[in-house]
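Enquirer: Structure incoming, see below.
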């Protein structure tokens, strides 16, 4: 199973590395970071660059794509090299997926019309502007299109897809290897559980 | 608050990017990836490189260090440039921390003698060989030394430290921005909860 994760300026690093870690740990999976051109691509904080090792043209038919989000999606939505690659790759994928605002790039590629999909809680409802049906869940599967909620949700999505693609034991083995038994010190990960006065500052951090 | 995360060959990417995301999102925090020399450093899967933007010599006195783990720790433990930097930086840090097998690099720097510390479940008990007291918890604080369990535990550690360094509201705001309300599809993240026959294959994945 060959997984491609596209990088564009100002992606969110954990949107990439959450699913990457789950899938790259899995036996028989290869993950490649791709971009318009090979080379380092800088994240949304300006302090972390990951290296794309292949161009879009070099990897036209991956079995799975994982499109990350980040403040850079606002510009990337008009990046025809990226959006065109997503649309073309989707014709042949087993799974076409996104994390956080990456779902807006799937929408820009025309893939979410009439489909159930999610995104970060801050802008999931805007998916309706693209003809999608916004769903407030952590991982949403509609056929072979799978979208995850904000940033950290990519880990849960990747484990779910790994179980679907192989078997539950393989996904559990990876979960155990990553010691993914989360113990968040606070219960503030959603707007329903966080103190209401933190919603505005949280959105300011990620815009 | 200036945070430094050292990269060495065959680190585990999520050990870096979990804490990075929490801390780089936080107002007033700057995170720098460091290495022996600036440039790309390849991870344990051979398929992801992150760029170190400063050498150890260029960042001798960060306020906080986060030492990642990975199969590369076996070699890194003899890397005097890295271990010497950890020992020297610790003299001035507010927090000296590690994720997963990164605690063995703290131990090699002489920092864990007589201290409570943790690591990945697969080798936490070997910390006793370095004079540390192994603790089977997800995040262990002993004075200003804080160690996290395997791979994904760095997220929980960083949120805990962010609350200690600023206040609970700031940590909750970052948690909300990251939508960190985990929903693992399986309960297999520890050897106590995973099927017993998965322990050996899980260790094989991460060695």
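No lab work stands behind these numbers, since they all come straight from the coordinates. Every value quoted in this text rests on a predicted model; they were computed, and no experiment measured them. A quick note on method: Cβ atoms are made from the backbone with ideal geometry, for glycine too, and the neighbour counts reach across all protein chains shown.
Enquirer: Provide, for q = 0.12 Å⁻¹, the log10 of I(q)/I(0) from a solvent-free Debye sum over equal Cα point scatterers in chain A.
Expert: -0.56
Enquirer: Which distances in nm, rounded to one decimal and ordered from shortest, link the label point of residue A:201 to the equivalent label points in the other identical copies, with labels set 7 Å from Cα toward Cβ?
Expert: Here the equivalent label points are 4.5 nm apart from this one.
Enquirer: Which ordering of A:190, A:170 is given by a fewest-first count of other beta-carbon atoms within 10 Å? Mind dumping the intermediate values first?
Expert: Working: A:190 17, A:170 21.
Fewest-to-most ranking of A:190, A:170: A:190, A:170.
Enquirer: At what distance in angstrom do the alpha carbon centres of segment A:145-198 and segment A:1-66 lie from each other?
Expert: 19 Å
Enquirer: Just need log10 I(q)/I(0) for segment A:26-71 at q = 0.13, 0.24, 0.25 Å⁻¹, Debye formula, equal scatterers on the alpha-carbon atoms, no solvent, rounded to two decimals.
Expert: -0.34, -0.98, -1.03
Enquirer: Over the Cα atoms of segment B:5-101, what radius of gyration and what Dmax do you get, in Å?
Expert: Calculated on Cα positions, Rg and Dmax stand at 12.3, 36 Å.
Enquirer: Sticking with this one: Restricting to chain B, compute how many DSSP beta bridges are antiparallel as a %, nearest 5.
Expert: Details: 8 of 28 bridges.
Here the share of antiparallel DSSP bridges comes out near 30 percent.
Enquirer: At q = 0.07, 0.14, 0.15 Å⁻¹, what log₁₀ I(q)/I(0) does the protein assembly as shown have when each alpha carbon counts as one equal point scatterer in the Debye sum?
Expert: Cα-only, vacuum Debye calculation for the protein assembly as shown: -0.29, -1.22, -1.41.
Enquirer: State, to one decimal in nm and shortest first, how far the label point of residue B:84 sits from each corresponding label point in the other identical copies (label point: 7 angstrom along Cα-to-Cβ).
Expert: 5.2
Enquirer: Then there is this: Kirkwood Rh, segment B:115-199, all Cα pairs: how many Å?
Expert: 14.3 Å
Enquirer: A follow-up question, please. Once you wrap a convex hull around the alpha carbon atoms of segment A:70-148, what is its projected area averaged over all directions, in nm²?
Expert: Average of the hull's projected areas for segment A:70-148 equals 4.5 nm².
Enquirer: Can you show me the helix-derived [θ] at 222 nm for chain B, built from DSSP H runs with n ≥ 4 at -39,500 (n - 2.57) apiece and divided by the number of residues, rounded to the nearest 500. Intermediate results must be reported in sequence, preceding the final value.
Expert: Details: 7 runs with 66 residues, N = 207.
Helix contribution divided over all residues of chain B: -9000 deg cm²/dmol.
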